[in-house]
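S.K.: Shown below is the structure under consideration.
The values are calculated or read from the model by the stated rules, or taken from the named source; none is laboratory data. All values derive from a computational prediction rather than experimental measurement. Neighbour counts run over all protein chains shown; Cβ positions are idealised from the backbone, glycine included. Just the protein is used for accessible areas: all its heavy atoms, side chains included, with ligands, DNA and RNA removed. Shrake-Rupley method; radii C 1.70, N 1.55, O 1.52, S 1.80 Å.
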Amino acid sequence: MSGWQPTSPCTPGACVDAPARITALPRAAVRLTAVLALLLVGLALSPLGTRIPSRAIRGWCRWIVRAAGVRLRVSGPGAPAEGGLLLVANHVSWLDVPLLAAVRPARMLAKSEIRGWPVAGWMAARGGALFIDRSRLRALPATVAGIAEVLRTGQAVAVFPEGSTWCGRAQGPFRPAAFQAALDAGVPVQPVSIRYRLADGSAGTAASFVGEDSLFTSVWRVVSARGLVAEASLLRAIPPGSRPDRRALARAAQPPAPEGAHRPYGATGTVAPGLRPRLSGSSA
């Protein structure tokens, strides 16, 4: 791992609570089967590419979240429906991907390791994902230029600027590199705050995909949980030219920490108890 690569101190043992209410095994199996079936539908239709209406893509993504047994709540002003847009959000779970696409379909910026994931890697590539090699700092300018080129064509690009997943109790600072693409392309930035809660409104960590978690372990924890709610709160879009540089733009797009939550390492406040920060000091 390179010294500049963003990391998170969150681990399943330190951060992820065992669900207080677990659904019956048969129901969890049905949920998992439904998620896989929807993914297969996506695989079958992926050759159609941009010919699939955005409304259908948003609906498909919402059904993936719901099939996993998770209620979906989207609030705030709607994201611009057309034109280049940098969609940014804090990163907690694999569920964040369909959650953001339910707001507006976008090409995802994903770590290069995802290319090798079974099914998910193939789907990401077919879906037009842009891949970044986080171990090569020299590759970053070319990645930013590639994002800007896509934005200039009027497409949306979704980025998780923390560079790693956090548990939701704590969150990482937004790294500014990807925001340079929005500046270069002259497009707005749409910040989204993602939270996972239980039915009673308290914070829920079952959806967290952190540390040494395997994808299957995280998926099974989600489909086994009861009363999990995914919230996507759209903040006010930041118009092009309203911030002088990428660092100011990243600070403006950073979602506020929820009440009672721990603030990002490097900002005012503390990190979740028991977590020893391991973030590098890169300003990329």
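S.K.: Per residue, how much accessible surface does the stretch 142-201 expose to a 1.4 Å probe? Answer in Å², no decimals.
M.R.: 29 Å²
S.K.: Per-residue HN-Hα couplings for the stretch 188-200, Karplus 6.51 cos²θ - 1.76 cosθ + 1.60 at θ = phi - 60°, whole Hz, x for Gly and Pro?
M.R.: Those phi angles translate into x, 10, 10, x, 10, 9, 9, 9, 10, 10, 8, 4, 7 Hz.
S.K.: Take the solvent-accessible surface of the protein heavy atoms, probe 1.4 Å, and return the percent of it on the stretch 137-177 that carbon and sulfur atoms account for.
M.R.: 57 percent
S.K.: Exactly which trypsin sites (Lys or Arg not before Pro) in the stretch 1-102 are in a DSSP loop and have at most 16 other Cβ atoms within 10 Å?
M.R.: Listed in order of number, the matching sites are Arg21.
S.K.: Just to check I understand the Karplus step: with θ = phi - 60° and J = 6.51 cos²θ - 1.76 cosθ + 1.60, what whole-Hz values come out for the stretch 51-57, glycine and proline as x?
M.R.: 6, 7, x, 4, 4, 5, 5
S.K.: Enumerate the residues in the stretch 158-199 having an amide nitrogen under 16 Å from the point lying 7 Å beyond the Cα of Ser75 toward its Cβ.
M.R.: 192-199
S.K.: At most 16 other Cβ atoms within 10 Å and a DSSP loop assignment: could you name the trypsin sites (Lys or Arg not before Pro) in the stretch 171-255 that fit?
M.R.: Here the sparse-neighbourhood loop sites are Arg226, Arg236.
S.K.: Tell me which GluC sites (Glu not before Pro) from the stretch 160-264 have a DSSP coil assignment and no more than 10 other beta carbons within 10 Å of their own.
M.R.: For GluC sites (Glu not before Pro) across the stretch 160-264 that sit outside H, G, I, E and B with at most 10 neighbouring Cβ atoms in 10 Å, the list reads Glu212, Glu259.
S.K.: Shape of the stretch 79-190 from its Cα gyration tensor (a ≥ b ≥ c, root eigenvalues): rounded if a/c is under 1.5, otherwise prolate when a/b > b/c, or oblate?
M.R.: Since a/c stays below 1.5, the shape of the stretch 79-190 is classed as rounded.
S.K.: Hey, another quick one. Enumerate the amide H contacts of Glu162 below 5 Å, restricted to partners 5 or more residues apart or on another chain; note that Pro and chain-start residues carry no placed amide H.
M.R.: Amide H neighbours of Glu162, under 5 Å, 5+ apart: His91, Arg175.
S.K.: Follow-up question, since we're still on this one. From the square roots a ≥ b ≥ c of the eigenvalues of the alpha-carbon gyration tensor of the stretch 25-157, which class results: rounded (a/c under 1.5), prolate (a/b over b/c), or oblate?
M.R.: The shape class here is prolate.
S.K.: Using amide H atoms built 1.01 Å from N in the peptide plane, name the residues 5+ places from Met108, or on other chains, whose amide H lies under 5 Å from its own.
M.R.: Ala129, Leu130, Ala158
S.K.: Let me ask another. Rounded, prolate or oblate: which fits the stretch 158-264 when a ≥ b ≥ c are the square roots of the eigenvalues of the alpha-carbon gyration tensor, with rounded for a/c under 1.5 and prolate only if a/b beats b/c?
M.R.: Taking the square roots of the gyration eigenvalues as a ≥ b ≥ c, the stretch 158-264 is prolate.
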